[in-house]
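Undergrad: Here you go, one structure.
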Amino acid sequence: MNTVKLNNGVEIPQLGFGVWQVPGAGTEAAVSTALEVGYRSIDTASAYGNEAGVGRAIAASGLPRDQVFVTTKLWIADLGRAAARDALRASLDRLGLDHVDLYLIHWPAPATDAYLDAWQTLEELQAEGLTRAIGVSNFLPEHLDRVIALGGTVPAVNQIELHPALQNRATVAANAERGIATEAWSPLAQGAVLTEPAVLAAAEAHGVTAAQVVLRWHLQKGTVVIPKSVTPSRIAANFDVFGFTLTDAEIAAIDALDRDGRTGPHPATFNG
């Protein structure tokens, strides 16, 4: 498994497993399958309502704690100094862990500046060992700059909606300029890009699935990526993306699919 070294030296597996929209009752089984397949990074959030299932699967796996990279997120309702601290402790209780590897502010919710207060608490939580790295999710360049202007820790990760139909190039460039790793959520655009001729042509050329092509595109771009599925065969297939390499021409053809293909809320206007 390739890893990406974050700006504080912590390494995150480049390919992880996401559990957004995985029902709480099915989370333990899905994560258990992912860990059996070989995934070693699990991405959840308090807002998903499935942290407990993630924790049970990790405990049942028998894997040493330091072999599973766990990410969770701070929800909008908990932005603020004291609330953020309580929220992480509640997440740790649900996960059954004494720390996470990455803690993210889930959305900037720019109607207020509460994410700035929350960031200062995240710095304290990292210093206390409750999370190994801290970062953000769905932040635009202007939100990143306001956090960095506080003069403390630069976010290690910015997790954003990113796929061939929404390549978020300005934010990806801003992340790179600031030493922030880009992580893609909804990397397959909820399936919307899997019938694109450029994707299907590459899949046929390499004898792989369309989803494998798109995930390989992400990996070759250097992006951290967290596909989600509850189907065991797809969980396994999404992990089997290291046996082929897309050509420059295939990458360029997929790059050309960029458009306003957003599947989720816009960070500039979403306030929960």
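Undergrad: Just a yes or no: is a residue in region 174-185 assigned to a helix (DSSP H, G or I), of a type in the set (Lys, Arg) and closer than 23 Å to Pro13 by Cα? Before you say what the answer is, go through the steps one by one.
TA: Here is the first cut: in region 174-185, the residues assigned to a helix (DSSP H, G or I) are 174-177.
Imposing the further condition that a residue be of a type in the set (Lys, Arg) reduces the set to none.
Checking region 174-185: not a single residue is assigned to a helix (DSSP H, G or I), of a type in the set (Lys, Arg) and closer than 23 Å to Pro13 by Cα.
Results for (1) on the phi < 0 side of the Ramachandran plot; (2) touching a residue at least 40 places away in the same chain (Cβ under 8 Å); (3) part of a helix (DSSP H, G or I), shown as yes or no for each residue.
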residue	(1), (2), (3)
Gly53	yes, no, yes
Ala57	yes, no, yes
Leu63	yes, no, no
Thr72	yes, no, no
Ala82	yes, no, yes
Ala90	yes, yes, yes
Asp93	yes, no, yes
Leu104	yes, yes, no
Trp107	yes, yes, no
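Undergrad: Here is a follow-up. Considering only residues that are in a loop (DSSP other than H, G, I, E, B), under 25 Å from Phe69 (Cα atoms) and in contact with a Leu (Cβ under 8 Å, 6 or more places away or on another chain), which ones fall in region 111-152?
TA: Hit for region 111-152 is Leu130, nothing else.
Undergrad: Would you say Leu79 is in contact with a Phe, Trp or Tyr (Cβ under 7 Å, 6 or more places away or on another chain), farther than 26 Å from Gln14 by Cβ, of a type in the set (A, V, I, L, M) and surrounded by fewer than 19 Cβ atoms within 10 Å (Cβ to Cβ)?
TA: Values: in contact with a Phe, Trp or Tyr (Cβ under 7 Å, 6 or more places away or on another chain): yes; farther than 26 Å from Gln14 by Cβ: yes; of a type in the set (A, V, I, L, M): yes; surrounded by fewer than 19 Cβ atoms within 10 Å (Cβ to Cβ): no.
It is false that Leu79 is in contact with a Phe, Trp or Tyr (Cβ under 7 Å, 6 or more places away or on another chain), farther than 26 Å from Gln14 by Cβ, of a type in the set (A, V, I, L, M) and surrounded by fewer than 19 Cβ atoms within 10 Å (Cβ to Cβ).
Undergrad: In addition: Out of curiosity, is Val54 β-branched (Val, Ile, Thr), closer than 26 Å to Leu125 by Cα, in contact with a Lys or Arg (Cβ under 7 Å, 6 or more places away or on another chain) and surrounded by 20 or more Cβ atoms within 10 Å (Cβ to Cβ)?
TA: Details: β-branched (Val, Ile, Thr): yes; closer than 26 Å to Leu125 by Cα: yes; in contact with a Lys or Arg (Cβ under 7 Å, 6 or more places away or on another chain): no; surrounded by 20 or more Cβ atoms within 10 Å (Cβ to Cβ): yes.
For Val54, the condition - β-branched (Val, Ile, Thr), closer than 26 Å to Leu125 by Cα, in contact with a Lys or Arg (Cβ under 7 Å, 6 or more places away or on another chain) and surrounded by 20 or more Cβ atoms within 10 Å (Cβ to Cβ) - is not met.
Undergrad: Now, a different point. Restricting attention to region 200-241, report how many residues are assigned to a loop (DSSP other than H, G, I, E, B), touching a residue at least 60 places away in the same chain (Cβ under 8 Å) and surrounded by 14 or more Cβ atoms within 10 Å (Cβ to Cβ). Spell out how you get there, then give the answer.
TA: Step one: of region 200-241, the residues assigned to a loop (DSSP other than H, G, I, E, B) are 207-209, 222-223, 226-231, 240-241.
Next cut, touching a residue at least 60 places away in the same chain (Cβ under 8 Å) only: 222-223, 226-230, 241.
With the extra rule that they be surrounded by 14 or more Cβ atoms within 10 Å (Cβ to Cβ), the set shrinks to 223, 226-230, 241.
Within region 200-241, residues that are assigned to a loop (DSSP other than H, G, I, E, B), touching a residue at least 60 places away in the same chain (Cβ under 8 Å) and surrounded by 14 or more Cβ atoms within 10 Å (Cβ to Cβ) number 7.
Undergrad: Quick check, is Leu35 closer than 30 Å to Glu177 by Cβ, modelled with pLDDT of 95 or more and of a type in the set (A, V, I, L, M, F, W, C)? Before you say what the answer is, go through the steps one by one.
TA: Working: closer than 30 Å to Glu177 by Cβ: no; modelled with pLDDT of 95 or more: yes; of a type in the set (A, V, I, L, M, F, W, C): yes.
No; evaluated as a whole, the condition is false for this residue.
The values are calculated or read from the model by the stated rules, or taken from the named source; none is laboratory data. Because the structure is predicted, anything quoted here is derived from the model rather than measured. Here Cβ is always computed from backbone atoms with ideal geometry, including for glycine, and neighbour counts include all displayed protein chains.
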